[in-house]
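Presented below is the structure to which this report refers.
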């Protein structure tokens, strides 16, 4: 399924992830829950990679790959193949 980003680009994610409630726990213990489709997403291009970024609750930044993996704060997450 294609997730539309603010600059007209797209990110491909599994349909199940698109319609599943996601939960984020921030380093300070605050949590957010909702659907990926409720977040306004953009793409940040870096020299060797790109990241899909969104913000939730008072502009708290979140990356799509950390959200999909439900990675706890402090855990290193890498998608070495860029997908």
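The values are calculated or read from the model by the stated rules, or taken from the named source; none is laboratory data. The structure displayed is predicted, hence computed values, not measured ones. Using ideal geometry, Cβ is built from the backbone for each residue, glycine included, and neighbour counts are taken over all protein chains shown.
Checking the condition loosely packed, with under 10 Cβ neighbours inside 10 Å and modelled with pLDDT of 90 or more, which residue from 82, 8, 74 passes?
Working: 82 fails: modelled with pLDDT of 90 or more; 74 fails: modelled with pLDDT of 90 or more.
Selected residue: 8, the only one of 82, 8, 74 that is loosely packed, with under 10 Cβ neighbours inside 10 Å and modelled with pLDDT of 90 or more.
Among the residues of the range 11-33, those that are surrounded by 13 or more Cβ atoms within 10 Å (Cβ to Cβ) and either modelled with pLDDT of 90 or more or within 17 Å of residue 1 (Cβ to Cβ) (or both) comprise 11, 13, 17, 18, 22.
Of all residue pairs spaced 6 or more apart or on separate chains, those with beta-carbon atoms under 7 Å, a first member in the range 27-38 that is under 15 Å from residue 54 (Cα atoms) and a second member that is in a loop (DSSP other than H, G, I, E, B) and modelled with pLDDT under 85 are 32/57.
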